[in-house]
Amino acid sequence: MPTDAERLREQLAAVEHERWAHWQRYMHSLCPSSAVGDRIIPSLLVERWERQIATPYADLSEAEKASDREQVDRYWPLIEPLLAEVERLRNEAKALRNDEDFDPSPIITEYDRVVAENAALHQEILRLRAGHADLAAMHAEAVARLGYDPNRPLAEWEQQLLDEQARVIAAERDVIEAARAWRAAFPTHWADIDLLGRVHNNLITAVDALPQPAPQAGADLHMTVRQAEEGGDG
């Protein structure tokens, strides 16, 4: 649904079209047609209109000013109610200022709330702008890495991306096929690798389950191991 401002804009545009059409009809009535249908502006009218174009409104004759006012009168029925509403609001505000019982606190509170919300909104806008800048930098880096040329046809750019995707998929497929071939060629080794992995996991689980030694006991154990390594008798 259009807003009041949008409706007013359309109404003013309609008035402007009527004004323009009226002026064109007036011009055509003063300009004779040539043999090929062109409209020829008489030299006297050219001189008169050129003078009026170069003259500010305040320096026009009263008759010329009256002609301009007639054009404004086309818009006046739409503008006058708005001016009346502005005047009414001004009178209400003046009455409130003169009212000793008037309490501006609710208005001030609402104003402070709106200002706070706008401040939060402003911070959110700054955050989104920063995020957009980061994305733009990442996009520029990716474009530079891929060697994107803005003058290059879009079809070639899309084909390059498709070729790059196909190359990655082919590489992944080669790795999978190589692993399958190695497993088929050395099934015993593959079983050993699986066994070692399970043993490793079991050892980690067993070590994690051992009780933690006291600090002194740990120190004694460390010394015992060190003496053994050095060939001592403990």
More than 18 Å apart - percent of Cα-Cα pairs taken over the stretch 4-96: 66 percent
In whole percent, what relative contact order does the stretch 4-96 give with Cα contacts below 8 Å and a gap of six or more residues? 30 percent
Karplus 3J(HN,Hα) series, Hz, for the stretch 54-71 with 6.51 cos²θ - 1.76 cosθ + 1.60 (x for Gly, Pro): 7, 9, x, 4, 5, 9, 6, 6, 4, 5, 5, 5, 4, 5, 5, 5, 4, 5
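Where a number appears in this text, it was derived from the coordinates with a stated rule and is not lab data. All values reported here derive from a predicted model rather than from experimental measurement.
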